[in-house]
Amino acid sequence: MSPKNFYNFFIFSIIGCITMPGILFGPAMVGILIDHADFSEEFAGWVMAFGSAGSALTLIIISGYIHQINLKKLSYACLSIAVLIDLYCSFTVEPNFNFLMLRFLIGVFVTIANIAVYTSIASFDNYERGYGLFVMMQYLISGIGLYYLILYSDLLGASGLYLALAFLNFIALLLISQLPDVDKETNKDNEPKSELKVLLSLVALMAIIGFGLHEMAGVTQFTYIERVGVNIGIESQSLGNIMLIASLVGIPGSMVCIALGNRYGLMPPLLFGISCCVFGMSILLLEKTYMTYFLRMCLIGFGWSIALPYIQSLLASIDKKGSALAAGNSFATIGGAAGAALGASLIGQTGNYNMLLQVSLMIYIFAVVLILFSVKNRSHNQ
């Protein structure tokens, strides 16, 4: 990776991380809403689900027009509105429908800037390393954010949480100028190809649907994983430490992608990362202790950070113009929304964390089958 590309990828990654708080800080946000704003566990889950639903709707709409939209210019307006909404939310944190709609709108506006990051990375030749760095930054920022949000949740409260989110969106707004005008700078040498034909190919469909289910399974667990720790009896300080360590463990995982790129293809690193995730998602079903919780968090942190950038690289390789990548992120966001909703529904109906863990594991295994099928058939076609 050249120094110039590294700088670009680093800035893109900061913008991308800032504009996905529900994914990076979800457990701490849910905990703060429950403990400091009198939200029920189910309603706090719906807050996350509505934000993801806004993101999903946005991605569905723009995926068919992504080459006709200047995402960079649109991001300026969207992030400006997002800052104002988060400021307003800091004064009106109540478990009602109006608050849900505000979080839905936040999902709509920040997603524009977030998908601009993904398409910006895809515009470089060594995009697989860019996605590796992006995932590494996600784990680093998530670990730091979760640690301090949990540790200082009493000081922040719900109002302080949304003030902090408004500040992060403002930082992203200041950095948008660093994004390239992808619609003008890319695809000069690519032959014309029907986007619909690409998206309806078996390889693309399996990758896109698999990515959506992959994120659905992850978010189903991730949304309530802090509550699982509380249920086991782990105190706030220890929970913060575990989440920080688990996120930091993801850094060497993502560095595998940065260092190796596509040197050994997609299948070997994907299989390794996925195996770590499956074992991590299973371990709490065997026994719930401090140690198994710690191992679960570290295994998921390490394995997910390897699998995710290679899944995104798979989508980018299917169509360098970004149609598969945009559709994949759309389905991933839909999966995230569905995962948060599924988690809220399961907890609301049963109050049983074991049921949540079992269902999410089954979904993840199905996702893995689809993704590996796509990788195998892509290699065969090439």
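Matching residues to (1) within 21 Å of VAL83 (Cβ to Cβ); (2) modelled with pLDDT of 85 or more; (3) not β-branched (Val, Ile, Thr):
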{"site": "ASN5", "(1), (2), (3)": "no, no, yes"}
{"site": "THR19", "(1), (2), (3)": "yes, yes, no"}
{"site": "GLY31", "(1), (2), (3)": "no, yes, yes"}
{"site": "PHE43", "(1), (2), (3)": "no, yes, yes"}
The range 362-382, subset under 18 Å from the mean Cα position of the chain (by Cα) and not hydroxyl-bearing (Ser, Thr, Tyr), residue nearest to GLN312 (Cα to Cα): ILE371
Candidates SER330, SER282, filtered to the one that is within 18 Å of HIS214 (Cα to Cα), of a type in the set (Ser, Thr, Tyr) and surrounded by fewer than 23 Cβ atoms within 10 Å (Cβ to Cβ): SER282
Scanning the range 67-96 for residues that are aliphatic (A, V, I, L, M) and within 13 Å of ASN114 (Cα to Cα), which turns out surrounded by the most Cβ atoms within 10 Å (Cβ to Cβ)? ALA82
Counting just the residues of the range 310-341 that are of a type in the set (S, T, N, Q) and modelled with pLDDT under 80, which one comes out farthest from the chain's Cα centre (by Cα)? SER323
Here is a check on your reading of the model: is GLY348 buried (at least 22 other Cβ atoms within 10 Å of the Cβ) and in a helix (DSSP H, G or I)? no
When only residues in the range 185-204 that are among the hydrophobic types (A, V, I, L, M, F, W, C) and surrounded by 18 or more Cβ atoms within 10 Å (Cβ to Cβ) count, which is modelled with the lowest pLDDT? LEU199
Can ILE60 be described as surrounded by fewer than 18 Cβ atoms within 10 Å (Cβ to Cβ) and touching a Ser or Thr at 6+ places or on another chain (Cβ under 7 Å)? yes
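The values are calculated or read from the model by the stated rules, or taken from the named source; none is laboratory data. In this text, all values refer to a predicted model and were calculated from it rather than measured experimentally. Note: ideal-geometry Cβ built from the backbone for every residue, glycine included; neighbour counts use all protein chains shown.
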